[in-house]
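Below is a structure I'd like to ask you about.
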Amino acid sequence: MSVRAWRRSARYGAPFGQIMRQHARTFSLAARFLDPNRRAATEVLYAFFRTVDDLVDERPADADLREIHVELERWHRLVSDPEAAQVSCSPLARALGRVMTEHAIPPAYLHALLDGLTDDLDNRPILTFPDLERYAFRVAGTVGLAMCHVLGATTPSALTAASAVGIGMQLTNIVRDVDADLRQGRIYLPAEEIARFGGAEEALQRRRMSPALGDLLQLHVERADRYYLAGSAGVPELPARVRYPILVAIDLYREILRAVERRALNVFDGRVVVGRPRKALLAGRVALRQLTGYAQPTRTPLDVLGPAALSELQRVGVQPGARRATPDNQPALASA
C-alpha cells in the first residue's frame with residue numbers, strides 16, 4: 001500500500017482498503033475511480049460488511065451460534081448510536097460511526113443487513129422467490145442504500161434504484177457460488193422453483209449440471225439483469241463525478257453473469273473470475289459510453305422490484321420513488 005493510499009484509509013483511524021482489495025476485487029476496481037474521501041468511506045463500509053458477513057459465512061463447523069448471535073447484537077447496538085460507536089474500543093466500530101455520522105447513513109439500513117445475516121445464521125428457509133428477494137435486499141440492497149449516502153444521492157428514487165442494483169449483485173453471487181454454497185450445506189435458490197424445474201434438485205444433490213438446473217440458473221441470470229437495468233435508471237441522479245465508477249461496478253458484475261453463460265451455466269466447473277484484461281476493457285467501454293451517450297433504460301426499479309423488496313424499503317424508511325430518472329446535460333447512461 002502506498003503512503004498516499006494508507007493516509008486516505010487512515011482518515012478513519014485505520015487502513016481498511018486492504019480488506020476490500022483482498023476480498024472484493026471487482027468492487028475495489030470500481031472504487032478506485034471515486035475521490036479519496038468517498039473511497040475511504042467506501043472502504044470502511046466494506047470492511048464492516050465483510051466482517052459481519054464472515055461472522056456467519058466463515059464460522060467454524062463447531063462454532064457456538066449463541067456467541068455469533070451475541071456479536072451480531074453487539075453490532076446492532078453500535079450502529080444504533082454512531083456517535084457512541086466512535087468511542088468504542090473497536091477501530092472498525094469507531095470508523096463506521098464516523099462514516100455514518102459524516103454521511104448521515106440511517107442506522108435502519110445496517111439493522112436490516114444484520115437481520116439478513118441473522119436469517120442466514122438461523123438457516124431461515126428460502127422457499128419462494130419473494131423470500132429470496134427479501135434476503136437479497138437485506139444483505140445487498142442495503143449496501144446500495146448506504147452507498148447512496150456516501151455518493152450524495154438520497155432521493156427516494158435514487159435509493160430505490162440503488163437497492164435494485166444491490167439485489168442484482170446478490171443474485172449474481174448466488175448463481176456464481178452455487179457450488180461453494182452447496183459445499184457449506186447452503187442452497188439459496190428458492191425451494192419452490194427447484195421443485196418446479198424437474199431434475200434440478202437431483203442435479204444440486206449430485207453437484208452436476210442438468211438441463212433443468214441450467215434452465216433454473218438462466219431464470220436467475222435474467223432476473224439479475226432486469227434488476228441491474230432497472231436500477232441503472234437511478235445513475236443520472238448521482239453527482240456527475242461519481243457516475244462512472246457506479247456504471248463500472250454494474251458492468252463488471254454483469255460480466256460475471258456473461259462469464260457463467262459462456263460456460264453453458266456450468267457452475268460446478270470452478271468459480272468464475274473476470275480477468276484484469278476483461279475488466280480494463282469493460283471500464284474503457286463505460287468511459288466511451290459516457291462520452292457518446294446511450295438511451296435511458298426503459299424500465300424503472302418499480303417495474304422490477306417485487307412486494308418483498310418494496311416492503312423492506314418502507315421498513316427502513318424509504319418510500320419507493322415513482323419518478324423516472326431523467327437525463328440532464330450529462331451523457332445518458334448505458335442500458336446495454
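Residue check: is Val139 among the β-branched types (Val, Ile, Thr), in contact with a His (Cβ under 8 Å, 6 or more places away or on another chain) and in contact (Cβ under 8 Å) with a residue 60 or more places away in the chain? Working first, answer last.
Working: among the β-branched types (Val, Ile, Thr): yes; in contact with a His (Cβ under 8 Å, 6 or more places away or on another chain): no; in contact (Cβ under 8 Å) with a residue 60 or more places away in the chain: yes.
So Val139 fails the test.
Can you give me the number of residues within region 231-260 that are among the aliphatic types (A, V, I, L, M) and within 15 Å of the chain's Cα centre (by Cα)? If you could, list the steps in order and put the result at the bottom.
Narrowing region 231-260 to residues among the aliphatic types (A, V, I, L, M): 233, 235, 238, 240, 242, 246-250, 252, 256-257, 259-260.
So of that shortlist, the ones also within 15 Å of the chain's Cα centre (by Cα) come out as 246-250, 252, 256-257.
Within region 231-260, residues that are among the aliphatic types (A, V, I, L, M) and within 15 Å of the chain's Cα centre (by Cα) number 8.
Mind checking which pairs have a first residue in region 238-254 that is modelled with pLDDT of 90 or more and a second that is basic (Lys, Arg) and surrounded by fewer than 21 Cβ atoms within 10 Å (Cβ to Cβ), Cβ under 7 Å, 6 or more apart or different chains?
Correct list of pairs: Val242/Arg38; Leu252/Lys279.
Sticking with this structure for a sec: Can you find even one residue in region 295-302 that is modelled with pLDDT of 85 or more, open to solvent by 50 Å² or more (accessible area, probe 1.4 Å) and more than 24 Å from Val178 (Cα to Cα)?
Here is the first cut: in region 295-302, the ones modelled with pLDDT of 85 or more are 300-302.
Keeping just the survivors that are open to solvent by 50 Å² or more (accessible area, probe 1.4 Å) gives 302.
Subset that is more than 24 Å from Val178 (Cα to Cα): 302.
Looking for residues that are modelled with pLDDT of 85 or more, open to solvent by 50 Å² or more (accessible area, probe 1.4 Å) and more than 24 Å from Val178 (Cα to Cα), one finds at least one in region 295-302, hence yes.
Among (1) touching a Ser or Thr at 6+ places or on another chain (Cβ under 9 Å); (2) over 20 Å from Leu305 (Cα atoms), where does Pro211 come up short?
That leaves (1) as the condition not met.
Conditions first: (1) open to solvent by 40 Å² or more (accessible area, probe 1.4 Å); (2) free of Cβ contacts under 8 Å to residues at least 24 places away in the same chain; (3) of a type in the set (Gly, Ala, Ser). Ser80 passes all but one, so which condition is the exception?
Failed condition: (2).
Count, please, the residues in region 206-250 that happen to be among the β-branched types (Val, Ile, Thr) and open to solvent by 50 Å² or more (accessible area, probe 1.4 Å).
As a first pass, look at region 206-250 and keep what is among the β-branched types (Val, Ile, Thr): 221, 235, 242, 246, 248, 250.
Next, from what is left, pick out any that are open to solvent by 50 Å² or more (accessible area, probe 1.4 Å): none.
Matching residues across region 206-250 total 0.
On to the next question. Does region 14-33 include one or more residues that are closer than 30 Å to Gly275 by Cα and at pLDDT 95 or above? Write out each step before concluding.
Applying the first criterion (closer than 30 Å to Gly275 by Cα) to region 14-33 yields 14-33.
Now restrict to residues that are at pLDDT 95 or above: none.
Scanning region 14-33, I find no residue that is closer than 30 Å to Gly275 by Cα and at pLDDT 95 or above, so the answer is no.
Would region 82-105 turn up any residue that is at pLDDT 95 or above and within 17 Å of the chain's Cα centre (by Cα)?
Within region 82-105 (the criterion being at pLDDT 95 or above and within 17 Å of the chain's Cα centre (by Cα)), the answer is yes, since at least one residue qualifies.
Which helices (runs of 4 or more DSSP H) does region 257-316 wholly contain that include 3 or more residues that are closer than 22 Å to Asn173 by Cβ?
By residue number, 276-292, 307-315.
Looking at Gly168, is it under 26 Å from Asp35 (Cα atoms) and in contact with a Ser or Thr (Cβ under 6 Å, 6 or more places away or on another chain)?
no
Taking into account only those residues within region 274-294 that are small (Gly, Ala, Ser) and loosely packed, with under 12 Cβ neighbours inside 10 Å, which is nearest to Pro239 (Cα to Cα)? Give the steps one after another, and end with the answer.
First, the residues of region 274-294 that are small (Gly, Ala, Ser): 275, 280, 283-284, 287, 293.
Keeping just the survivors that are loosely packed, with under 12 Cβ neighbours inside 10 Å gives 275, 280, 284.
Working: Gly275: 29, Ala280: 23, Gly284: 20 Å.
Checked region 274-294; the qualifying residue nearest to Pro239 (Cα to Cα) is Gly284.
Continuing with the same structure: Can you pull out the residues in region 256-273 that are β-branched (Val, Ile, Thr) and either over 22 Å from Leu182 (Cβ atoms) or open to solvent by 40 Å² or more (accessible area, probe 1.4 Å) (or both)?
Val273
Check off (1) without any contact (Cβ under 8 Å) to a residue 60 or more places away in the chain; (2) within 30 Å of Ala280 (Cβ to Cβ) for Asp35 and give me the number that stays unchecked.
(1) is the only condition that Asp35 fails.
The values are calculated or read from the model by the stated rules, or taken from the named source; none is laboratory data. Since the model is a prediction, treat every value here as computed from it, not as a measurement. All Cβ positions, even for glycine, are placed from backbone atoms using ideal geometry, and neighbour counts span all protein chains on display. All accessible areas refer to the heavy atoms of the entire protein, side chains included, with ligands and DNA or RNA removed. Shrake-Rupley method; radii C 1.70, N 1.55, O 1.52, S 1.80 Å.
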